[in-house]
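The values are calculated or read from the model by the stated rules, or taken from the named source; none is laboratory data. Every value quoted in this text rests on a predicted model; they were computed, and no experiment measured them. Glycine gets a Cβ as well: all are built from the backbone with ideal geometry, and neighbour counts include every protein chain shown.
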Amino acid sequence: EDQVTQSPEALRLQEGESSSLNCSYTVSGLRGLFWYRQDPGKGPEFLFTLYSAGEEKEKERLKATLTKKESFLHITAPKPEDSATYLCAVQDDGSEKLVFGKGTKLTVNP
Amino acid sequence: GAVVSQHPSRVICKSGTSVKIECRSLDFQATTMFWYRQFPKKSLMLMATSNEGSKATYEQGVEKDKFLINHASLTLSTLTVTSAHPEDSSFYICSARDRGRRGEKLFFGSGTQLSVL
């Protein structure tokens, strides 16, 4: 059974303090690993899709990396507006479904 | 702007009534849409996969007679919560897969907060 574990559950940073969020996963065959941002009371907002180990993608202060067992979302010099819950999800080969982790709630203090 | 539109964003209803939630893909055709349920501080739980022109595929433990899904066209899927009860109160989110020019991405609606009194 596909599993996704995100850590930490919650993270508090000061503005400008860089850090990383972790997503560990177990799948029989990875079709894709997805990162989303979710604000309270809203649907998830797509950030990245990673397909194979070694792949990296960047968007503004965010950088996602992928290995065969985990993915990291690196946040460089975060700002208060980066505060949100970040969700990781995996899609298995031959499946239409995404399996989500519980998310990491990030709070960036000014 | 949003590529998947979901409404209503919030609904309050009495126990025993039915509630319909709509999910539209705005600028792409979605042969497959997904319906999720999310509890506070929990991950998204897939309820069903909605396929245009055919019956929805429900996840184990999801009552198909309570959560009716209709994928009427390539841009519209609806979820009807029938005879709603307080335990059905939750945040419901739809998503649609775009396999077009953007590459394969899954976009989400803004969610519907259902409160059953």
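Looking at the stretch A:76-110, which of its residues are surrounded by 15 or more Cβ atoms within 10 Å (Cβ to Cβ) and touching a helix residue (DSSP H, G or I) at 6+ places or on another chain (Cβ under 6 Å)?
A:Val108
Please specify each residue of the stretch B:50-59 satisfying the condition of being surrounded by fewer than 20 Cβ atoms within 10 Å (Cβ to Cβ) and touching a Ser or Thr at 6+ places or on another chain (Cβ under 9 Å).
First, the residues of the stretch B:50-59 that are surrounded by fewer than 20 Cβ atoms within 10 Å (Cβ to Cβ): B:51-55, B:57-59.
Residues satisfying the conditions are B:Asn51, B:Glu52, B:Gly53, B:Thr57, B:Tyr58, B:Glu59.
Among the residues of the stretch A:44-75, which ones are surrounded by fewer than 20 Cβ atoms within 10 Å (Cβ to Cβ) and assigned to a loop (DSSP other than H, G, I, E, B)?
Within the stretch A:44-75, A:Tyr51, A:Ser52, A:Ala53, A:Gly54, A:Glu55, A:Glu60, A:Arg61, A:Thr67, A:Lys68, A:Lys69 qualify.
Would you be able to say whether some residue in the stretch B:62-81 is in contact (Cβ under 8 Å) with a residue 12 or more places away in the chain, surrounded by 19 or more Cβ atoms within 10 Å (Cβ to Cβ) and within 13 Å of chain A (Cβ to nearest Cβ)?
No: the stretch B:62-81 contains no residue that is in contact (Cβ under 8 Å) with a residue 12 or more places away in the chain, surrounded by 19 or more Cβ atoms within 10 Å (Cβ to Cβ) and within 13 Å of chain A (Cβ to nearest Cβ).
Could you list, ordered by first residue, the pairs with Cβ atoms under 8 Å in which the first is in the stretch A:68-88 and away from chain B (no Cβ under 14 Å) and among the aromatic types (Phe, Trp, Tyr) and the second is part of a strand (DSSP E or B) and surrounded by 17 or more Cβ atoms within 10 Å (Cβ to Cβ), at least 6 apart or interchain?
So the pair list comes out as A:Phe72/A:Leu21; A:Phe72/A:Cys23; A:Phe72/A:Ala64; A:Phe72/A:Thr65.
Only one of (1) assigned to a strand (DSSP E or B); (2) under 17 Å from A:Thr85 (Cα atoms); (3) within 14 Å of chain B (Cβ to nearest Cβ) is not met by A:Gly41, so which one is it?
(1)
For the list (1) closer than 18 Å to A:Phe46 by Cα; (2) in contact with a helix residue (DSSP H, G or I) (Cβ under 9 Å, 6 or more places away or on another chain), I need the number of the one condition that B:Leu26 fails.
Condition (2) is where B:Leu26 drops out.
Does B:Thr82 meet the test of being modelled with pLDDT of 90 or more, among the hydroxyl-bearing types (Ser, Thr, Tyr) and over 19 Å from B:Phe108 (Cα atoms)?
yes
Only one of (1) more than 14 Å from chain A (Cβ to nearest Cβ); (2) part of a loop (DSSP other than H, G, I, E, B); (3) under 30 Å from A:Ser7 (Cα atoms) fails for B:Glu87. Which number is that?
Of everything listed in (1) more than 14 Å from chain A (Cβ to nearest Cβ); (2) part of a loop (DSSP other than H, G, I, E, B); (3) under 30 Å from A:Ser7 (Cα atoms), B:Glu87 misses just condition (2).
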